[in-house]
Every structure is written in structure tokens, then in C-alpha cells.
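In what follows, a single structure is set out as C-alpha cells and then discussed.
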Amino acid sequence: MNGIYKHLLRTEKNIKMISKSKTVALINLGCTKNLVDAEEMLGRIAANGSTICQYPEDAEVLVVNTCGFIDDSKKESIDMIFKMAKLKENAQCKKLIVTGCLAQRYSAELKSEIPEIDDVVGLKDFEKITHLTGKRQMDNSTIYQGDDWRNRIRLTPKHYSYLRISDGCDNRCTYCAIPGIRGNFMSRSIENILEESRQMASEGVKEINIISQDTTSYGLDIYGKQMLHVLLEKIAAIEGIQWIRLLYTHPGHFYPELINTINEHETICKYIDLPIQHINDTILGKMGRNTTRKSIETLINNLRRSIRSIVLRTSVIVGFPGETDEQYQELLEFIKKTKFERLGVFAYSKEENTPAAKFKKQVGKKVKQERLNEIMLAQREIVWENNKNLIGKKASVIVDEKEVVSGMLIGRTSGDAPEVDGKVFINDKQIKVGEIRELVISNVNGYDLVA
């Protein structure tokens with residue numbers, strides 16, 4: 001659930017209720033973009049007078065914010081809908097609302113196949129969500145259309161947050177359903193983003209994680225040119241922001257000014273999320289990635305040469321239609337040779353209404369899983385070797401949480417993004433949650449570190 005209730009007790013203190021109405025619980029699934037949608041929805045719901053409650057069992061209205069990107073996430077969403085539907089029988093729940101990407105893609109099917117659902121609401125239709133969860137119309141002076149971040153109830157720990165700079169996607173990767181779900185690429189203005197960034201800083205946010213479907217294309221639609229480097233420079237100048245992390249970049253859209261900006265500003269983490277998806281030219285062409293092995297290798301070499309101590313995270317897809325043993329082996333050997341500091345691997349998921357779903361020579365499930373497992377084993381060796389080399393060295397660490405039972409502090413290095421990367425287990429119990437400290441790495445625990 002992306003820890004959606006983990007910090008809700010803290011945020012409840014910051015919610016200004018206009019008038020008590022229905023009690024509402026929101027269950028969020030999926031990526032960080034979905035999390036931001038959920039946070040903005042909660043802001044709308046609370047500003048309209050409803051009470052946000054921590055536990056679904058206590059709610060009169062349940063909202064499930066679904067993910068519909070790949071098969072596993074769709075299954076997780078369906079399972080959660082059925083789980084919440086049972087609360088209509090056993091708890092005080094009177095209404096079940098389903099929204100998010102799955103609702104956007106399969107609205108009619110959800111309505112007909114799961115009668116327990118009362119309403120299916122399309123992606124980001126916050127007005128309808130507000131109406132269905134409250135008892136009166138929204139005060140338009142409180143929320144501005146398109147500026148839902150103003151009342152956003154952040155569900156991450158106080159010290160870090162996600163900053164969405166654009167939505168939608170103009171890349172037409174043949175395996176991806178996102179453009180059909182979220183629409184075309186749309187950047188927010190620099191001033192609008194900076195206003196939200198300043199608000200985050202005033203609320204104690206120290207780490208901003210930049211997200212989008214394609215962060216490197218930021219500004220093309222509204223400024224006529226890539227402007228991510230300019231935006232990063234302005235965010236870096238905001239007092240209180242100590243870490244800026246760049247996620248969801250595209251290897252075909254990097255440019256020199258951006259690389260220079262990342263290198264020059266200490267506030268910008270030397271961490272880049274760079275999904276290459278594959279390395280074989282034939283597969284890359286069929287994927288519609290507009291990259292080649294040569295362009296990817298050139299970019300990686302340039303990044304590692306230009307940015308000191310850079311941490312590269314990538315993701316790859318195995319079992320794409322027509323992927324031969326030789327093409328898979330090329331990918332595996334490239335991963336072993338390149339030694340990405342962080343890596344995620346996904347088995348190809350056949351998505352309706354995407355070109356790749358109609359491609360011939362679909363790879364079997366067993367073969368896809370075998371290839372996925374082999375890559376993860378190779379990456380585990382790379383990570384363990386990299387981690388062992390960190391023992392005895394200092395690392396900048398942010399403290400994310402304190403375990404209730406043991407009192408153990410858990411954090412991340414500047415080379416680790418929230419949720420998806422490794423952790424640091426901290427022996428010094430005098431450090432406070434939210435602090436950033438220089439710590440000495442003393443041991444390795446698989447993908448994680450001890451300091």
C-alpha cells in the first residue's frame with residue numbers, strides 16, 4: 001500500500017476540517033505518481049469536510065486508488081478491491097469507490113464484474129471523488145483546478161516527498177499502456193513547481209524526489225525546449241532542501257546542460273534513474289525506444305566520466321516478444337559488464353491495446369521467469385561486491401524511521417531512492433529521524449548496509 005497509513009496519524013494533525021461529514025479511508029496501490037494522486041485526492045476530500053481515518057475498517061467510504069500498468073499490479077488491485085468489498089458486509093462501510101489507472105482502463109468491466117463497487121471514477125477526476133465522498137460542494141476558493149498540491153496531504157515521512165513536474169507521456173513504447181491511460185505529456189510551469197517546492201521546504205522536507213513519466217523531456221511542450229536543468233538549479237537554491245533526486249529519466253533524452261547541472265550542484269544527488277529496458281538493437285527497435293546499444297553505452301560512459309561517484313539505477317524487460325536466447329544473453333552480459341549500482345528487472349507483460357501485444361513469438365511465462373531470476377542473481381553479485389567496497393568509508397545517510405520494538409534506526413544513503421533501493425541499519429540511536437549525517441559503513445547485509 002506504499003505505506004499510505006504509516007504516517008497518517010502525523011498528517012491528521014495538519015488537516016483543517018471544514019465540517020465533519022463522512023469518514024473516508026483511501027487505499028493506494030502502484031507507483032509514486034499514483035501516490036501523489038492519492039495525496040492530492042485526500043487533500044480534496046479533507047478540504048470538503050470529510051474525516052480521513054487511518055483504518056479502512058472504521059470508514060464509511062472506501063476509496064481504492066488502483067494500478068493497471070502490468071499483470072501483477074492489476075491482480076494486486078483486483079485482490080484489494082475484493083478485500084475492501086468484504087468490509088461492506090463486516091464493517092460500517094457504506095460505499096466502495098474505485099479510481100486510478102485500472103479504473104481508467106477497465107471502467108465498464110469493473111462495474112459489471114464486481115457489483116460491490118458503488119462507483120468507478122476515472123483517473124484524476126478529483127471533482128467526482130470529492131462529490132462522492134462528501135456531503136456538499138467544494139469551496140472553489142479553497143482548491144484551484146490543476147493546483148491540488150496546495151491542499152495535498154503528504155503520506156511520506158515528513159523529511160522527504162515526491163515532486164511531480166509533468167504528467168502523461170509522448171513516448172510511444174510499444175509495450176506501454178501509460179499514454180493511453182494518462183494522456184499526452186504535460187509539463188507544469190517552473191513557477192508552479194517552485195511554489196510547491198518552497199511549500200515542501202517550509203513543512204520540513206529535506207529530500208525532493210523528482211518524478212514524471214519522462215523527467216528529461218520536462219519543458220518541451222510549454223517552453224519549446226528541455227528545461228529540466230533550469231528547474232533543478234532553481235530548486236537547488238531553495239533554503240532547506242538538501243537532497244534532490246532525479247527519477248524516471250529517458251536515455252534518449254539526456255543533454256549536456258543537464259549533465260553539467262547534476263555534476264555542479266552539491267544538493268543534487270549523484271543518482272540517476274535511467275531505465276534502458278534492453279540493449280539489443282533489434283529489441284530496442286521493436287520496443288520503440290528510439291535508442292541503440294551504441295547511444296546507451298555512450299551516455300553511460302559520459303555520465304560516469306562527467307559525474308563523480310555517480311550511482312546509476314536502471315530497469316530492464318526480459319521476455320519481450322521475439323526475444324531470442326542470443327538477444328537475452330546479450331542483455332545479461334551487458335549487465336554483468338556495465339555493473340549498474342542499482343537494477344530492477346521485469347518480465348514482459350502483454351498489455352491490451354498496445355502494439356507489442358499483437359507481436360508474434362510471444363515468450364512463455366517459464367522462460368521469462370528463468371531469465372528474470374538469472375539477471376537478479378547476476379545483479380545481486382554486483383551489489384554485494386559494490387557494498388563490500390564501501391566498508392570503512394563515509395556515506396551521507398538520511399534517517400527514515402525508527403523501529404518500534406528494537407529502536408533500530410533505518411535510513412538510506414544519497415545513492416538510494418525511497419522504497420526501491422537498499423537501506424542502512426544505523427547503530428547510533430542518538431540520531432533523530434529526518435536527520436542527514438555522515439556515517440561510516442561498518443558492515444554489509446545483502447543489499448543493505450550497516451553504519
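Scan the stretch 354-373 residue by residue and report those that are of a type in the set (S, T, N, Q) and at pLDDT below 95.
The answer is Thr354, Gln362.
Being over 12 Å from Gly319 (Cα atoms) and in a loop (DSSP other than H, G, I, E, B) is the filter here; which residues of the stretch 360-380 pass it?
Lys360
Mind checking which pairs have a first residue in the stretch 211-226 that is farther than 8 Å from Ser166 by Cα and a second that is among the small types (Gly, Ala, Ser), Cβ under 7 Å, 6 or more apart or different chains?
Final answer for the pair search is Gly219/Ser187; Asp221/Ser187; Ile222/Ser187; Ile222/Ser189; Lys225/Gly219; Gln226/Ser217; Gln226/Gly219.
Exactly one of these conditions fails for Lys350: (1) of a type in the set (D, E, K, R); (2) in a helix (DSSP H, G or I); (3) within 22 Å of the chain's Cα centre (by Cα). Give me its number.
(2)
Strands (runs of 3 or more DSSP E) wholly in the stretch 381-451 with at least 2 residues that are modelled with pLDDT under 95 and polar (S, T, N, Q) - which ones?
Where strands (runs of 3 or more DSSP E) fall fully within the stretch 381-451 and carry at least 2 residues being modelled with pLDDT under 95 and polar (S, T, N, Q), they are 443-445.
Quick check on the stretch 339-349: of everything there that is of a type outside the set (Phe, Trp, Tyr) and touching a residue at least 60 places away in the same chain (Cβ under 8 Å), which residue is surrounded by the most Cβ atoms within 10 Å (Cβ to Cβ)?
Arg342
Return the total of residues in the stretch 49-74 being out of contact with any Asp or Glu (no Cβ under 8 Å at 6 or more places or on another chain) and farther than 17 Å from Ile178 by Cα.
Count: 14.
To keep it simple, each residue is scored yes or no on (1) out of contact with any Lys or Arg (no Cβ under 7 Å at 6 or more places or on another chain); (2) buried (at least 21 other Cβ atoms within 10 Å of the Cβ).
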position	(1), (2)
Thr261	yes, no
Cys269	no, yes
Met287	yes, yes
Asn290	yes, no
Ser295	yes, no
Asn302	yes, no
Val318	no, yes
Pro321	no, no
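Which one of these is at pLDDT below 95 and either part of a loop (DSSP other than H, G, I, E, B) or of a type outside the set (Lys, Arg) (or both): Gly180, Gly204?
Unique residue meeting the criteria: Gly180.
How many residues does the stretch 64-105 contain that are surrounded by fewer than 21 Cβ atoms within 10 Å (Cβ to Cβ), under 29 Å from Gly319 (Cβ atoms) and small (Gly, Ala, Ser)?
Of the residues in that region, 1 qualify.
Considering only the stretch 294-310, I want to know if a residue exists there that is in contact with a strand residue (DSSP E or B) (Cβ under 8 Å, 6 or more places away or on another chain), touching a residue at least 24 places away in the same chain (Cβ under 8 Å) and in a helix (DSSP H, G or I).
So far as the stretch 294-310 goes, yes, one or more of its residues are in contact with a strand residue (DSSP E or B) (Cβ under 8 Å, 6 or more places away or on another chain), touching a residue at least 24 places away in the same chain (Cβ under 8 Å) and in a helix (DSSP H, G or I).
Which of the residues belonging to the stretch 228-257 are within 30 Å of Val318 (Cα to Cα) and either among the polar types (S, T, N, Q) or assigned to a helix (DSSP H, G or I) (or both)?
Once the filter is applied, which keeps residues that are within 30 Å of Val318 (Cα to Cα) and either among the polar types (S, T, N, Q) or assigned to a helix (DSSP H, G or I) (or both), the stretch 228-257 yields only Thr249.
Any residue at all in the stretch 333-341 that's touching a strand residue (DSSP E or B) at 6+ places or on another chain (Cβ under 6 Å), at pLDDT 95 or above and under 15 Å from Ile276 (Cβ atoms)?
Among the residues of the stretch 333-341, at least one is touching a strand residue (DSSP E or B) at 6+ places or on another chain (Cβ under 6 Å), at pLDDT 95 or above and under 15 Å from Ile276 (Cβ atoms), which makes the answer yes.
Name the residues in the stretch 404-451 that are crowded, with 20+ Cβ neighbours inside 10 Å, over 18 Å from Ser309 (Cβ atoms) and acidic (Asp, Glu), would you?
Hits for the stretch 404-451: nothing passes.
The values are calculated or read from the model by the stated rules, or taken from the named source; none is laboratory data. What you are looking at is a predicted structure, and each value in this text was computed from that prediction instead of being measured. Positions of Cβ are generated from backbone atoms using ideal geometry, with glycine treated the same way; all protein chains shown enter the neighbour counts.
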